[in-house]
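K.L.:
This structure is in structure tokens; I'll ask about it shortly.
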Amino acid sequence: MNLTAIAPLASAWVGVTALILLVSRDWRVSMSALGAQYVGVFILVSLAWPIEYAVVKLVTGWISAAVIGMGLVDQALAWEDELGRWLSGVLFRVFLAGFIGFVAFVLTPGVGRWVLRASEVQIMGGLLLIGLGLVHLGLTAQPIRVVLGLLTVLSGFEIFYATMETSLLVNAMLAVVTLGLALTGAYFNIVAGTERER
Amino acid sequence: MSAPFIWILLPGLVAFALIFLSRYRAISLVAAIATALILAVLAWGLKVGEVMSFGPWAFKIQEQLAVAGRSFVITNPDRPQIALLYSALAFWYIGALVISTPPSFIPLGLANVAVLIAALAVQPILYAALLIEVAILLSVLMLTPMGEPVNRGVLRFLTYQTLGVPFILLAGWMLSGIEPETVSTQDIVRAAIFLGFGFAFHLGIFPLHSWMPMLTETAHPYVTTFVISTLFSVGILFPVGFMQRYPLLYESINLLEILRILGIMMVVVGGVWAAFQRHLGRMLGFALILETGRTFLAIGLPGGAHMLLALFLPRILALGVWALSLSFLKAHSEDLRFHVVQGFGRRYPVVGTGLILAHFCLVGIPILGGFPVYLILWEQLTAYGSWISLGAILGSAGLMVGGLRSLAVLLMGPEELPAPKAGRIDFFSYALILLGSGAIFLFGLFPQWFLPSLMAISATFGRLTP
């Protein structure tokens with residue numbers, strides 16, 4: 001299966017999902033966006049890897065979203081709305097996301113000279129995820145959102161890294177790290193719940 | 001049987017078993033201490049790759065363990081590091097006998113050290129970053145006990161450590177394709193830049209150090225100090241090993257000078273900031289930053305890596321006593337802000353004495369453990385200009401001001417202190433703090449008993465001799 005034709009869409013898709021993660025007030029929307037984000041990551045990684053290997057990213061990502069989501073089902077209060085009542089918080093984040101999109105667009109040719117085997121859409125997608133993940137990390141103090149930000153940054157890096165390193169073991173260990181972060185996020189939910197009960 | 005099996009897999013299995021014993025804290029703690037001590041003794045005594053006879057039996061410990069096409073390799077020069085790490089673990093566990101730590105500290109502490117040794121042993125180095133990240137995730141679980149809010153220090157720690165991983169992976173990828181004999185300066189500099197960023201995040205190098213005081217302010221002081229000192233003890237070996245493998249770095253970018261500049265920045269930042277702290281936990285955090293800087297200064301000297309073990313012993317003694325004393329204070333007060341702990345040195349004189357002694361040991365006050373080693377370090381630094389010596393002394397002076405302020409806070413305050421939060425401190429706890437304080441004095445008064453052998457052991461470290 002050749003996914004090259006839809007790769008530009010995947011690049012835009014990961015940007016949109018990362019933006020949704022950034023502005024979402026509802027944890028269900030965020031978990032859905034995280035799951036959807038990994039579809040885009042899978043398509044971009046599959047440009048460098050055989051599908052059967054790239055699908056590991058998709059499965060890992062979905063399991064991660066499920067693990068964090070399951071943690072939130074019982075502890076929905078662990079998810080706090082950081083955006084406030086007004087639209088200004090959302091607008092500010094959208095503006096930042098636009099800025100990151102612009103920076104990613106400008107940087108893509110330059111990064112392409114370093115990461116020789118990566119195509120432009122892969123670089124664009126990777127930079128968008130890293131940038132928006134860093135913005136997410138910079139704007140939040142909420143444990144689960146920190147984990148979401150880290151997962152977003154790591155996803156972006158994994159797109160680049162897939163074009164450089166084809167070792168299955170390295171990528172399996174990256175999957176372990178992704179799952180470990182998701183489990184840590186779920187643990188944070190439980191800890192927050194027990195703290196409230198106390 | 002192979003060396004990685006003994007020092008990585010076996011403790012990993014014991015750690016897993018200890019999870020099920022978490023309800024019986026005393027039993028699991030004693031088992032963990034015994035395991036750490038046995039592994040340390042084995043690391044000192046067992047020779048890897050040589051036939052050893054034991055009564056009628058003869059056996060050979062293999063150096064290598066292959067897993068999924070990659071290998072974990074532990075050779076004889078690596079054994080002192082492993083012995084050191086497990087001895088340090090036993091030391092931290094012994095302290096945990098007298099203070100309350102989260103139940104996860106016991107199994108995850110052992111697992112943490114095993115994973116970090118795996119990171120040291122794995123080949124190619126590329127995989128080390130991912131194993132370090134696994135150790136970080138285990139540390140996060142230790143630092144976030146059930147029933148307590150997830151604190152911002154832990155989140156900052158997790159964030160910075162995780163952001164460092166991609167840099168180390170990229171550096172590892174660059175290095176995996178080049179051989180030391182044929183490598184070009186451009187390749188090595190590029191890899192060094194990525195590795196530098198990775199370890200700047202990982203070791204909290206200025207200006208990426210903010211997680212350290214945040215962590216010591218908010219999380220359990222004893223567990224935090226264990227986590228930072230263990231990660232640091234292993235983390236510092238990677239840049240040193242890198243220097244050893246690629247000597248071209250000395251010629252092309254003058255790495256030693258860069259390390260000295262980084263070191264002096266951290267010493268000054270740690271010391272000067274410590275002078276202005278109003279929280280005993282944050283004070284410890286800045287002392288840790290200063291110690292990181294001192295270690296960089298040491299490895300920035302030609303042959304200075306030989307001092308690492310000499311620096312290690314007074315540091316771990318002082319940090320252990322400091323963290324133990326802080327844990328008692330935290331258990332008996334609302335928190336560790338100066339205005340809250342005013343006068344606590346009068347109520348708990350042994351705890352207060354231990355805390356101040358440990359603090360001044362890291363300052364480098366004469367007759368305490370840090371002084372003989374720091375004196376050698378300061379003497380050697382004078383060869384690189386007065387500014388660097390002045391910076392090192394300024395850092396220590398700043399930490400001393402912080403120590404004097406802590407002393408004043410612990411002694412002064414109202415006549416009537418608020419009711420203690422917890423019960424009395426038992427005799428065994430006092431005895432442990434006094435023992436640690438005595439060891440600090442002993443190391444300071446009779447350095448000739450320890451220093452020559454510590455320097456000699458450092459010289460045998462496989463990864464520590466650039």
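K.L.:
To the nearest 0.05, how large is the calculated FRET efficiency for B:TRP44 and B:ALA331 if R₀ is 41 Å and r is the Cβ-Cβ distance?
P.N.:
Once rounded, the FRET efficiency stands at 0.70.
K.L.:
Still on this structure, please answer the following. Counting only heavy atoms of the protein chains, get the accessible area per residue of segment B:36-157 (1.4 Å probe) and round it to a whole Å² value.
P.N.:
On the way: 4410 Å² over 122 residues.
Heavy-atom SASA per residue in segment B:36-157 reads 36 Å².
K.L.:
Given R₀ = 41 Å, what would the calculated FRET efficiency be for B:PHE428 paired with B:ARG70, taking r from the Cβ atoms and rounding to 0.05? Let's see the in-between values first.
P.N.:
Working: r = 45 Å, r/R0 = 1.11.
E(calc), rounded to 0.05, equals 0.35.
K.L.:
Can you divide the C-alpha Rg of segment A:31-82 by 2.2 N^0.38 Å and report the result to two decimal places? Provide the component values of the computation, followed by the final result.
P.N.:
Details: Rg = 13.5 Å, N = 52, 2.2 N^0.38 = 9.9 Å.
Working it through for segment A:31-82, the quotient is 1.37.
K.L.:
So, one more: Any chance you could list P(r) for the protein assembly as shown, counting all Cα-Cα pairs in 10 angstrom bins from zero, rounded to whole %?
P.N.:
3, 15, 25, 26, 19, 9, 2, 0, 0
K.L.:
How would A:HIS136, B:HIS306 line up by accessible area, probe 1.4 Å, largest first?
P.N.:
On the way: A:HIS136 5, B:HIS306 65 Å².
Descending order: B:HIS306, A:HIS136.
K.L.:
Can you work out the Karplus-derived ³J(HN,Hα) for every residue in segment A:163-173? Use 6.51 cos²θ - 1.76 cosθ + 1.60 with θ = phi - 60°, whole Hz, and x for glycine or proline.
P.N.:
Using θ = phi - 60°, the values come out as 7, 9, 10, 9, 4, 5, 5, 4, 6, 5, 5 Hz.
K.L.:
At a probe radius of 1.4 Å, what is the per-residue accessible area of B:PHE194, in Å² to the nearest 10?
P.N.:
40 Å²
K.L.:
So what does log10 I(q)/I(0) come out to for segment A:4-192 at q = 0.10, 0.13, 0.17 Å⁻¹, using the Debye formula with one equal point on every Cα and no solvent?
P.N.:
The calculated log intensity ratios at q = 0.10, 0.13, 0.17 Å⁻¹ are -0.37, -0.62, -1.04.
K.L.:
Label-point separation (nm) for B:VAL51 and A:GLU120, each offset 7 Å from Cα along Cα-to-Cβ?
P.N.:
Here the modelled spin labels are 6.7 nm apart.
K.L.:
Same structure again: Going through the DSSP H helices of chain B, which span 24 Å or more along their own axis at the Cα atoms while scoring at least 0.5 as a mean Kyte-Doolittle hydropathy? Before the final figure, lay out the partial values.
P.N.:
Details: long enough: B:25-45 (30 Å, 2.02); B:79-96 (26 Å, 0.89); B:152-176 (36 Å, 1.01); B:185-203 (25 Å, 1.12); B:255-275 (30 Å, 2.04); B:280-299 (29 Å, 1.20); B:308-332 (35 Å, 1.58); B:386-411 (37 Å, 1.57); B:427-445 (26 Å, 2.04).
Going by DSSP H runs, the hits are B:25-45, B:79-96, B:152-176, B:185-203, B:255-275, B:280-299, B:308-332, B:386-411, B:427-445.
K.L.:
Once the piece of chain linking A:VAL73 and A:VAL176 is laid out straight, how much longer is it, given 0.36 nm per residue of separation minus the C-alpha distance between them? Working shown, then result.
P.N.:
Values: separation 103, 0.36 × 103 = 37.08 nm, distance 2.33 nm.
Full-extension gain reported as 34.7 nm.
K.L.:
Please tell me the relative contact order of segment B:124-460 in percent, rounded to the nearest whole number, where contacts are Cα pairs under 8 Å and at least six residues apart.
P.N.:
On the way: 504 pairs, mean separation 58.4, N = 337.
Averaging sequence separation for qualifying contacts and normalising by length gives 17 percent for segment B:124-460.
K.L.:
Whenever you get a sec, compute what percent of the accessible area on the protein assembly as shown sits on carbon and sulfur atoms (1.4 Å probe).
P.N.:
Its accessible area is 70 percent carbon and sulfur atoms.
K.L.:
To the nearest 10 degrees, how steep is helix A:7-23 against the longest Cα principal axis of chain A, on a 0 to 90 scale?
P.N.:
Tilt relative to chain A: about 20 degrees.
K.L.:
Using the crude model of +1 on Lys and Arg Cβ and -1 on Asp and Glu Cβ, and no other charge, please compute the dipole size for the protein assembly as shown relative to its Cα centre, in debye to 20.
P.N.:
Working: 33 positive and 29 negative charges, 147 e Å.
Roughly 700 debye, rounded to the nearest 20.
K.L.:
Still on this structure: For an R0 of 41 angstrom, estimate the FRET efficiency from the Cβ-Cβ distance between A:PHE102 and B:ASP187 and round to the nearest 0.05.
P.N.:
Details: r = 32 Å, r/R0 = 0.79.
Between A:PHE102 and B:ASP187 the formula returns 0.80.
K.L.:
Please pull out the direction-averaged projected area of segment A:86-198, using the convex hull of its alpha-carbon atoms, in nm² to one decimal place.
P.N.:
Details: hull surface 34.4 nm².
The directionally averaged projection comes out at 8.6 nm².
K.L.:
Next question. Sorted by mean Cβ packing within 10 Å, highest first, what order do the peptides A:30-38, B:356-364, B:200-208 take? Numbers along the way, then the final one.
P.N.:
Values: A:30-38: 22.4, B:356-364: 26.6, B:200-208: 20.4.
Most protected by this proxy first, the peptides run B:356-364, A:30-38, B:200-208.
K.L.:
Given C-alpha coordinates of chain B, what is the ratio Rg to Rh with the Kirkwood estimate of Rh?
P.N.:
Numbers: Rg = 21.6 Å, Rh = 22.5 Å.
With Rh from the inverse mean 1/r over Cα pairs, Rg/Rh is 0.96.
K.L.:
Which distance in Å, rounded to a whole number, links the C-alpha centroids of segment B:114-130 and segment A:138-166?
P.N.:
What the calculation gives is 22 Å, centre to centre.
K.L.:
Largest first and in whole Å, give the semi-axes of segment B:338-418's equivalent ellipsoid, each being the square root of 5 times a Cα gyration tensor eigenvalue.
P.N.:
For segment B:338-418, the semi-axes come out at 32, 13, 6 Å.
K.L.:
What does the structure give for B:15-28 when I average, per residue, the other chain Cβ atoms found within 10 Å of the residue Cβ? Let's see the in-between values first.
P.N.:
On the way: counts 0, 0, 0, 0, 0, 0, 0, 0, 0, 0, 0, 0, 0, 0.
Per-residue shielding by partner chains comes out at 0.
K.L.:
For segment B:289-367, rounded, prolate or oblate, judged on the Cα gyration tensor with a ≥ b ≥ c (square roots of eigenvalues), a/c < 1.5 rounded, else prolate if a/b > b/c? Before the final figure, lay out the partial values.
P.N.:
Values: a/c = 3.11, a/b = 2.59, b/c = 1.20.
It is prolate, given that a/c is not under 1.5 and a/b is the larger ratio.
K.L.:
Given 0.36 nm per residue, what is the gain on full extension from A:VAL16 to A:ASN2 after removing their alpha carbon distance, in nm? Present the calculation step by step, with values, prior to reporting the outcome.
P.N.:
Values: separation 14, 0.36 × 14 = 5.04 nm, distance 2.28 nm.
Between A:VAL16 and A:ASN2, full extension yields an extra 2.8 nm.
The values are calculated or read from the model by the stated rules, or taken from the named source; none is laboratory data. Owing to the predicted nature of the structure, the values given are computational and were not obtained by experimental measurement. Cβ atoms come from the backbone with ideal geometry, glycine included; neighbour counts cover every protein chain shown. SASA here: full protein model, heavy atoms, side chains in, ligands and nucleic acids out. Shrake-Rupley method; radii C 1.70, N 1.55, O 1.52, S 1.80 Å.
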